[in-house]
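J.: Mind looking over this structure? Questions follow.
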Amino acid sequence: MENLTHSLIGAAFAELALPASATTAQRRTFFTAGVIAANLPDADLVYTQITAPPIGYLLHHRGHTHTLVGLVGLAVLIGAVCLAPRIRQTLQNVHERFVSLIAVSLLSHILLDSWNSYGVHPFYPLDSKWYYGDAIFIVEPWFWLFLGVAATMNSQGRVSRIALGVLFAVASFMFAWTGFVPVAAIVLLVVVAVVVAWLVRRWSPRRRSGAALAGVALYVAMMFVVKQMVRGWVVGQAAHSVELVDIILSPQAANPLCWTAIGITKDEQAGEYVLSRAVVSVTPMAGCGMKTTQHVEVTETLRQSLVTLRGLDRTDCRVSAWLQFGRAPALSADAIGDYRYGGISRGNFTFMELTPPGTAPSCPKRLTHWGKPRADLLVH
């Protein structure tokens, strides 16, 4: 998930962790620590350049700091900072609550990141496999509604409340202006936010934060149920004469009724694998820009050579490293890109030019050892 949602989650946990008798200094420390801990796994962005792009970003972001072992290291780092005399004095009598806050906030980062189609591998080095939730878009404005209303109303000062309100208004406007989120969805979000704010106006900060987290949990649970329905429709559309390798799902931002699906099938006899992009509508009333009233509408099909992919994995160390990330590898004569993010185009952050024929590849350094998502395509 993006960092605004991570921050709001950390703030909600901080409100729940604080004792009723908390001092102003303790509130400040808890909220600062909760927000930092909820975002800290993304500190891996600092060192992605240790490996040449784009592989450095693909392998090191959501890398070691997004594993359970990595979280232990981050917790130790936070603990070392908290040894400072002033912080230690502030945390007297609330130490156990603070430790719980740090642990839950750190874990929440991996949990939230596991919900989308980007993936995480939390159990490395015991298990290098990627895990994908395929149920939540990487930016979800409904989370901002649940958590943002609570955070804004729980703010102690008028200036901070206004600042948070302006932040959410600007973010909503930007997403509507760029077309990332439909204007109708933004209007609905604003109306619901006003109603929710009115309903919880007399609640305690702790109750508001708890309700916000419960709202997020219910929304996520609903999306996983809808995901199973969507997956069933996509599977029903797949050809039975070929092997279905994977189905990658992602809902639209702020619209749980419209989904994007990528089906990956393999045909060993033909020596190819096929990437098919489709739009899926939960109900015809949702629109979703479809030309038919069916649940699934295929919009693009890309046929790829299994021989070429396997040959590049064996002979090109750059491609082999890239395949530690690529879940939907799309190839052209001179490039590779992940079909999840648009395919083979320079605007795709996964885009990588192939080593020219007859040239020895310059092997990237300081690689990771994640499992290859498409190992099922790389072996006969």
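The values are calculated or read from the model by the stated rules, or taken from the named source; none is laboratory data. In this text the structure is predicted, and so the values were computed from the model without any measurement. Cβ placement follows ideal geometry from the backbone for every residue including glycine, while neighbour counts extend to all protein chains displayed.
J.: Checking the condition aromatic (Phe, Trp, Tyr), more than 20 Å from the chain's Cα centre (by Cα) and surrounded by 14 or more Cβ atoms within 10 Å (Cβ to Cβ), which residue from Trp198, Trp233 passes?
T.: None of the others qualify; the one that does is Trp233.
J.: Collect the residues in segment 77-97 that are among the polar types (S, T, N, Q) and closer than 25 Å to Pro41 by Cβ, keeping them in residue-number order. Break it down stepwise before answering.
T.: At the first step, the residues of segment 77-97 found to be among the polar types (S, T, N, Q) are 89-90, 92-93.
Selection gives Thr90 alone.
J.: Let me ask something else about it. The conditions are (1) at positive phi; (2) in a helix (DSSP H, G or I), and Gly343 fails exactly one of them. Which is it?
T.: Single failed check for Gly343: (2).
J.: In this structure, is Val196 aliphatic (A, V, I, L, M), within 20 Å of Gly119 (Cβ to Cβ), in contact (Cβ under 8 Å) with a residue 12 or more places away in the chain and part of a helix (DSSP H, G or I)?
T.: So Val196 does not fit the description; no.
J.: Turning to a different aspect of this structure: Counting just the residues of segment 1-23 that are in a loop (DSSP other than H, G, I, E, B) and not β-branched (Val, Ile, Thr), which one comes out nearest to Ser209 (Cα to Cα)?
T.: Top of the filtered list is Leu18.
J.: Looking for whichever is at pLDDT 95 or above and aromatic (Phe, Trp, Tyr) here; the options are Phe123, Phe168. Which one fits?
T.: Details: Phe168 fails: at pLDDT 95 or above.
Result of the check over Phe123, Phe168: Phe123.
J.: Still on this structure, I have one more. Being assigned to a strand (DSSP E or B) and among the polar types (S, T, N, Q) is the filter here; which residues of segment 266-282 pass it?
T.: Of everything in segment 266-282, those that are assigned to a strand (DSSP E or B) and among the polar types (S, T, N, Q) turn out to be Ser276, Ser281.
J.: Kindly evaluate Trp370 against the criterion of being among the aromatic types (Phe, Trp, Tyr), touching a Phe, Trp or Tyr at 6+ places or on another chain (Cβ under 8 Å) and surrounded by 12 or more Cβ atoms within 10 Å (Cβ to Cβ).
T.: yes
J.: Next question. Could you identify the single residue in Val196, Val192 that is of a type outside the set (Ser, Thr, Tyr) and in contact with a Gly (Cβ under 9 Å, 6 or more places away or on another chain)? Step through it out loud before you land on a result.
T.: Working: Val192 fails: in contact with a Gly (Cβ under 9 Å, 6 or more places away or on another chain).
After ruling out the rest, the residue left standing is Val196.
J.: Do you know which residues across segment 140-186 are buried (at least 21 other Cβ atoms within 10 Å of the Cβ), part of a helix (DSSP H, G or I), under 23 Å from the mean Cα position of the chain (by Cα) and not aromatic (Phe, Trp, Tyr)?
T.: Across segment 140-186, the qualifying residues are Pro141, Leu145, Leu147, Gly148, Val149, Ala150, Ala151, Ser172.
J.: Here is a follow-up. Quick check on my filter: what residues within segment 91-134 are surrounded by fewer than 21 Cβ atoms within 10 Å (Cβ to Cβ) and part of a helix (DSSP H, G or I)?
T.: Selection gives His95, Glu96, Arg97, Val99, Ser100, Ala103, Val104, Leu107, Ile110, Leu111.
J.: Something else now. When Thr292 is evaluated against the numbered criteria (1) part of a strand (DSSP E or B); (2) hydroxyl-bearing (Ser, Thr, Tyr); (3) free of Cβ contacts under 8 Å to residues at least 12 places away in the same chain, which criterion, by number, is the only one it fails?
T.: So the condition that Thr292 fails would be (1).
J.: Which of the following residues is in contact with a Leu (Cβ under 7 Å, 6 or more places away or on another chain), of a type in the set (A, V, I, L, M) and in contact (Cβ under 8 Å) with a residue 60 or more places away in the chain: Leu58, Leu40, Leu101, Leu74?
T.: Going through Leu58, Leu40, Leu101, Leu74 in turn, just one is in contact with a Leu (Cβ under 7 Å, 6 or more places away or on another chain), of a type in the set (A, V, I, L, M) and in contact (Cβ under 8 Å) with a residue 60 or more places away in the chain: Leu40.
J.: Right, Trp203: within 30 Å of Ser21 (Cα to Cα), of a type outside the set (Ser, Thr, Tyr) and either in a loop (DSSP other than H, G, I, E, B) or assigned by TED's automatic domain parsing to the domain that holds Ala25 (or both) or not?
T.: Numbers: within 30 Å of Ser21 (Cα to Cα): yes; of a type outside the set (Ser, Thr, Tyr): yes; either in a loop (DSSP other than H, G, I, E, B) or assigned by TED's automatic domain parsing to the domain that holds Ala25 (or both): yes.
When the stated conditions are applied, Trp203 passes them.
J.: Restricted to segment 103-124, and to residues that are among the small types (Gly, Ala, Ser) and within 8 Å of the chain's Cα centre (by Cα), which residue is nearest to Ile248 (Cα to Cα)? Spell out how you get there, then give the answer.
T.: From segment 103-124, those among the small types (Gly, Ala, Ser) are 103, 105, 108, 114, 117, 119; that's our starting set.
Okay, now just the ones that are also within 8 Å of the chain's Cα centre (by Cα), so 114, 117, 119.
On the way: Ser114: 14, Ser117: 7, Gly119: 11 Å.
This residue is Ser117.
J.: Checking Thr293 against (1) surrounded by 20 or more Cβ atoms within 10 Å (Cβ to Cβ); (2) at pLDDT below 95; (3) over 27 Å from the mean Cα position of the chain (by Cα); (4) of a type outside the set (Asp, Glu), only one condition comes out false. Which one?
T.: All conditions are met except number (1).
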